[in-house]
Amino acid sequence: MAEGKTELSGPKKCGPYISSVTSRSVNLMIRGVVLFLIGVFLALVLNLLQIQRNVTLFPPDVIASIFSSAWWVPPCCGTASAVIGLLYPCIDRHLGEPHKFKREWSSVMRCVAVFVGINHASAKVDFDNNIQLSLTLAALSIGLWWTFDRSRSGFGLGVGIAFLATLVTQLLVYNGVYQYTSPDFLYVRSWLPCIFFAGGITMGNIGRQLALYECKVIAEKSHQE
C-alpha cells in the first residue's frame with residue numbers, strides 16, 4: 001500500500017515533461033535542448049532589436065534568416081545558453097552550495113523580463129555619452145543579480161562569462177564578421193559586458209530551475225528503492 005502511494009505521488013512532485021524519466025543522462029539532454037531553444041529564441045528577438053536600432057551591422061552577404069540576422073547567431077547563442085544553464089547547477093553541486101534563493105518559475109520569468117528590458121534599454125535609451133549608458137546598464141545588471149540570484153558562484157560565473165564573451169566578440173569584430181556602430185571599447189560598445197553578465201545570470205537561473213526537476217526525480221527514485 002505504501003508503495004502504491006509513492007507511485008501515485010511521484011507525478012505530482014515532478015514536471016509533466018520529465019516525471020517518467022529516471023536517467024540522469026536523459027534529464028541532462030532534455031535540459032540542454034530546452035536551454036538551447038530558449039537561447040535561440042532570445043537571440044532572435046534581441047538581435048533583431050539591435051539590428052533595427054543599427055547597434056550591430058552585418059555584411060549584406062551574411063543576412064540569411066527571416067529575422068534579418070546572420071544564420072550563425074541563433075545556434076551560437078543557443079549553444080552558449082545550454083552550456084551556461086547546465087554549468088550553473090553543476091558548479092552549485094561542486095561547491096556544495098545549493099541555490100535556494102527564489103526557486104520558483106515566477107521569479108525566473110521576471111528575471112527574463114528584466115534581462116530583455118536591459119537589452120531594450122541598450123538599444124533604445126539615448127544618453128549623452130556611452131559612459132553614462134554603460135554605468136546605468138552595469139547598475140541594472142548587478143541589480144538583476146542581487147534581485148534574482150545573490151550567490152557568489154552566480155556572480156563569479158557571470159563575470160567570467162562576460163569577460164570570455166566580450167573577448168570572443170572583439171575577435172569576431174576584428175576579423176570583420178560584423179561590427180558595432182560607434183565603438184568605444186576597442187571594437188565594441190562599452191556596455192556589452194553588462195549584457196553578457198545579465199544574460200549569464202538569466203540563463204543560469206533558468207538552468208537551475210530546470211535542474212530542480214531532476215533532483216526531485218532522483219530523490220523520488222531513491223525513496224522508492
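Report the local net charge at Leu95: Lys and Arg +1, Asp and Glu -1, summed over other residues whose C-beta lies under 15 Å from its C-beta. All intermediate terms of the calculation are to be shown ahead of the outcome.
Working: positive: Arg93, Lys100, Arg150, Arg152, Arg208; negative: Asp92, Glu97, Asp149.
Spelling it out: positives minus negatives among the neighbours equals +2.
To the nearest 20 debye, what is the magnitude of the charge dipole of the range 90-150 about its Cα centre, counting +1 on the Cβ of each Lys and Arg and -1 on the Cβ of each Asp and Glu? Walk me through the numbers before you get to the answer.
On the way: 7 positive and 6 negative charges, 57 e Å.
Approximately 280 debye in magnitude.
Each residue of the range 193-205 is assigned a 3J(HN,Hα), and the resulting list reads x, 5, 5, 5, 4, 5, x, x, 5, 5, 5, x, 5 Hz, derived from the Karplus form 6.51 cos²θ - 1.76 cosθ + 1.60 (θ = phi - 60°), x at Gly and Pro. The protection proxy used here, the mean number of other Cβ atoms lying within 10 Å of each residue, ranks peptides 188-196, 126-134, 152-160 as follows, highest first: 188-196, 152-160, 126-134.
Convex hull volume per residue, computed on the Cα atoms of the range 99-191, equals 104 Å³. For Phe185, the residues 5 or more places off, or on other chains, whose built amide H falls under 5 Å of its own are Ser190. Note on exposure: Asp92, Asp184 ranked by accessible area (1.4 Å probe, complete protein assembly) read Asp184, Asp92, with the most exposed listed first.
The values are calculated or read from the model by the stated rules, or taken from the named source; none is laboratory data. It should be emphasised that the depicted structure is a prediction, and the values quoted were computed from it without experimental measurement. Don't worry about glycine lacking a Cβ; one is built from the backbone with ideal geometry, like all the others, and counts go over all protein chains shown. Just so you know, the surface numbers come from the protein's heavy atoms only, side chains and all, with ligands and any DNA or RNA stripped out. Shrake-Rupley method; radii C 1.70, N 1.55, O 1.52, S 1.80 Å.
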